[in-house]
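Working notes for the structure below.
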């Protein structure tokens, strides 16, 4: 008589998370002497939720991120003098340019917010993710009561 093998097939199913299944945590980053781009990629990864094993692309699974000391962020090379932030009003002759060094002095929060925003998805979900980013120029922030994990 022939022997019969038991074929046990494991069904592998992709895990798809639902909206309310995630517990949002708070992360804190000190931007003192950190490179802008390197720091922004880490922040964008946490905001999207890609640091979690249960990451789902169409669900907001990321954590909140607090960035302090934005005015002390480091720019590599001569980017402070040479790299420009261009804005356009929509009118003829309405383009204005500002160096990253001047922007860091005038409004350092905007420098980090724009770097992170450009690394997030360009969709409704990306705008929701960006609202979880809190950037402050100095050491003080209003989220003192939150138990934040250092990033």
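What the table below lists for this structure:
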item: Order of 55, 136 - criterion: other Cβ atoms within 10 Å of each residue's Cβ, fewest first; result: 55, 136
item: Ascending count of other beta-carbon atoms within 10 Å, so fewest first, for 29, 59, 46; result: 59, 29, 46
item: Between helix 36-48 and the chain: long-axis angle, C-alpha atoms, 0 to 90°, nearest 10; result: 40 degrees
item: Helix 108-117 axis, angle to the chain major axis (alpha carbon atoms, nearest 10°); result: 30 degrees
item: Value at 222 nm in deg cm²/dmol, rounded to 500, when DSSP H runs of n ≥ 4 in the chain each add -39,500 (n - 2.57); result: -7500 deg cm²/dmol
item: Reported label for calculated percent of Cα pairs over 20 Å apart given [x] 58; [y] 45; [z] 53; result: [x]
item: Residue order, fewest to most surrounding Cβ atoms within 10 angstrom, among 63, 30; result: 30, 63
item: Cα-derived Rg to Rh of region 74-139, Kirkwood definition; result: 1.02
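All of the numbers you see were taken from the coordinates with simple rules; none came from a lab. Since the model is a prediction, treat every value here as computed from it, not as a measurement. Here the Cβ is made from the backbone with ideal geometry for all residues, glycine too, and neighbour counts use every protein chain on show.
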